[in-house]
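Computed from the coordinates by the stated procedures, all read-outs in this text should not be read as laboratory data. None of these values were measured; they are calculated from a predicted model. With ideal geometry, Cβ positions are generated from the backbone for all residues, glycine too; neighbour counts draw on all protein chains shown.
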Amino acid sequence: MNMDVVIKESTLDEAVSLNKQIPEFDEPHFTKVYCEQKCGTKEKLVLIAEIDKKPAGYLIGFDRYSDGSFYCWMAGVLPAYRKKGVLKALMQYQDVWAKKKEYTCIRLKTRNKRREILAYLVKYGFSFVRVIKKGHDHADEYRIGMEKKL
């Protein structure tokens with residue numbers, strides 16, 4: 001069965017609501033206020049993916065570094081909609097949007113333990129650019145910085 005993924009620009013409220021439904025993201029601090037503080041006044045993009053008019057995933061990005069790169073900060077897909085092209089559709093929309101806005105690359109960070117997403121990102125054209133060790137974290141918790149040229 002071919003499910004069409006529809007991407008729409010949306011609000012932080014909707015993205016935060018979806019984030020709460022993603023089991024890997026047990027982050028009670030992830031609120032609209034937190035997101036507004038993180039993004040500040042910088043240009044941001046909030047996307048919602050839908051399948052059959054039901055929310056399936058989200059992506060939040062913003063101009064974090066003011067250096068021509070666009071930072072893909074948070075993205076998630078509800079478990080019921082994984083492996084259906086939702087993340088790919090979100091990322092493709094972000095790429096087209098960022099190119100139109102004259103950004104030169106997409107940057108992001110993920111945790112070393114998120115092997116499935118790391119493999120996906122490499123397949124999608126991202127390169128490893130740095131490893132960020134956080135305090136006394138185990139290697140699984142290290143942040144992996146990645147970027148992709150547009």
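Remarks
- The C-beta contact set for the stretch 42-53 (first residue without any contact (Cβ under 8 Å) to a residue 40 or more places away in the chain and within 20 Å of Lys101 (Cβ to Cβ), second residue of a type in the set (Asp, Glu) and not in a loop (DSSP other than H, G, I, E, B), distance under 7 angstrom, 6+ apart or interchain) comprises Val46/Glu9.
- Any chance Met91 is among the aliphatic types (A, V, I, L, M), under 16 Å from Val5 (Cα atoms), under 13 Å from the mean Cα position of the chain (by Cα) and buried (at least 18 other Cβ atoms within 10 Å of the Cβ): yes
- Count of the stretch 117-138 residues, restricted to those that are within 14 Å of the chain's Cα centre (by Cα) and either in a helix (DSSP H, G or I) or over 29 Å from Lys53 (Cα atoms) (or both), is 5.
- With respect to the conditions (1) among the small types (Gly, Ala, Ser); (2) surrounded by fewer than 23 Cβ atoms within 10 Å (Cβ to Cβ); (3) under 17 Å from Tyr124 (Cα atoms); (4) without any contact (Cβ under 8 Å) to a residue 60 or more places away in the chain, Ala75 lacks only one, and its number is (2).
This table checks each residue for (1) under 21 Å from Tyr142 (Cα atoms); (2) exposed (fewer than 14 other Cβ atoms within 10 Å of the Cβ).
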| site | (1), (2) |
| --- | --- |
| Lys8 | no, yes |
| Pro23 | yes, yes |
| Cys35 | no, no |
| Tyr71 | yes, no |
| Val86 | no, no |
| Trp97 | no, no |
| Lys113 | yes, no |
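- Checking Ile117, Ile106 one by one, the residue that is touching a helix residue (DSSP H, G or I) at 6+ places or on another chain (Cβ under 7 Å), among the hydrophobic types (A, V, I, L, M, F, W, C) and surrounded by 14 or more Cβ atoms within 10 Å (Cβ to Cβ) is Ile106 and no other.
- Residue check, Met74 more than 21 Å from Thr41 (Cα to Cα), under 12 Å from the mean Cα position of the chain (by Cα) and not hydroxyl-bearing (Ser, Thr, Tyr): no
- Any hit, the stretch 121-137, residues being acidic (Asp, Glu) and either closer than 14 Å to Tyr71 by Cβ or exposed (fewer than 12 other Cβ atoms within 10 Å of the Cβ) (or both): no
- Residue list for the stretch 112-121, filter: touching a strand residue (DSSP E or B) at 6+ places or on another chain (Cβ under 8 Å) and either of a type in the set (S, T, N, Q) or more than 13 Å from Ala75 (Cβ to Cβ) (or both): Asn112, Leu118
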